[in-house]
Amino acid sequence: MGLPKKEHIRGILAMPRVRDQWLRLFGNPPGDAEVDEMYAEFIPRQFSCLAEYSAVIPGVPESVDRFRSRGLKIGSTTGYTRAMLDLLVESSAKEGYVPDCSLTPEEAGSGRPHPFMMYECAVRMQVYPLSAIAKIGDTPVDIHEGLNAGAWSIGVAGTGNMIGLSHEEFDALPAAEKEERLQAARAELERAGAHYVVDRLQDVDPILDDIDARLKSAS
């Protein structure tokens, strides 16, 4: 999750179980032509479900308002295309979340885990150095993007693919199952190299305080 979507498809096809099934059915391993064909079929299907699954995560607008009150600018990177992202930006604006800059892989030359979208966001927002930027995300490839950019990487365990549920579905789980899923998600983000891991975006404020203190002590 979090990769440019064509690379996501390529990664799925490279999984041993999927590759073995493909060989069994078609006699040849999937190649670039098959990736291109599946990607072309994927695009309209993605558009058909984006609007249905584009609700802003509870607490995000309020958290972003607090971050801005600290003087921070908000950049957004994605694995979606520009047209897909425009749909999401329009939808999220109605719920109170509007980033200062949003970028897609084609606009920066490459997607995650490469850091180029973050570099381009920094240029457009006129923010530097990269070592004073915090990258917040809920997938391992988000963490890698931030690390590759030389930024602080903060993982959010409670909203990513490792949880795999809507906010309402997750809230309805028994407490023990919630904690089990959160522990697995935290561990995966920590393995990816996150400097910090939290369960919700609302938990990031004290981490920003800690980063501020560490930057001041190093200057």
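A short reminder: the numbers here are calculations on the coordinates, not readings from a lab. Nothing here was measured: the structure is a model prediction, and the numbers come from that model. Neighbour counts run over all protein chains shown; Cβ positions are idealised from the backbone, glycine included.
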(request) Find the eigenvalues of the gyration tensor of the Cα atoms of the range 1-160, then list the square roots of 5 times those eigenvalues as equivalent ellipsoid semi-axes, largest first, in whole angstrom. (result) 31, 18, 14
(message) So if I take the centroid of the Cα atoms in the range 166-199 and the same for the range 27-104, what is the distance between those two points in Å?
(response) 21 Å
(message) If I stretch the segment between TYR128 and ASN28 completely, what's the gain in nm (0.36 nm per residue apart, minus their alpha carbon distance), one decimal?
(response) 31.1 nm
(request) Would you please give the FRET efficiency between ASP210 and LEU50, computed as 1/(1 + (r/R0)^6) with r the Cβ-Cβ distance and R0 = 35 Å, to the nearest 0.05? (result) 0.50
(request) For the chain, give the magnitude of the charge dipole about the Cα centre (Cβ charges: +1 Lys/Arg, -1 Asp/Glu; no others), in debye to the nearest 20. (result) 500 debye
(request) Report the relative contact order of the chain, percent, no decimals, based on alpha-carbon pairs under 8 angstrom and at least 6 residues apart. (result) 16 percent
(request) Give me the orientation-averaged projected area of the Cα convex hull of the range 124-219, in nm², one decimal. (result) 7.0 nm²
(message) For a quick check: with amide H placed at 1.01 Å from N, whose amide H comes under 5 Å from SER153's, ignoring anything fewer than 5 positions away on the same chain?
(response) LYS135, HIS195, TYR196
(request) Name the long-range amide H neighbours of SER76: under 5 Å, sequence gap of 5 or more, or other chain; modelled H, no Pro or chain starts. (result) CYS101, SER102, LEU103
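Select from the range 71-108 those trypsin sites (Lys or Arg not before Pro) which occupy a DSSP coil region and have at most 13 other Cβ atoms within 10 Å, ordered by residue number.
Within the range 71-108, the qualifying trypsin sites (Lys or Arg not before Pro) (loop, at most 13 other Cβ atoms within 10 Å) are LYS94.
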(request) Quote to one decimal, in nm, the extra length available between GLU37 and SER91 on full extension: 0.36 nm per residue of separation minus the C-alpha distance between them. (result) 16.6 nm
(request) Binning at 5 Å from 0, report for the range 5-52 what percent of all alpha-carbon pair distances ends up in each bin. (result) 5, 21, 25, 23, 14, 9, 4, 1
(message) For CYS101, CYS49, which order do you get if you count the other beta carbons within 10 Å of each Cβ and list the fewest first?
(response) CYS49, CYS101
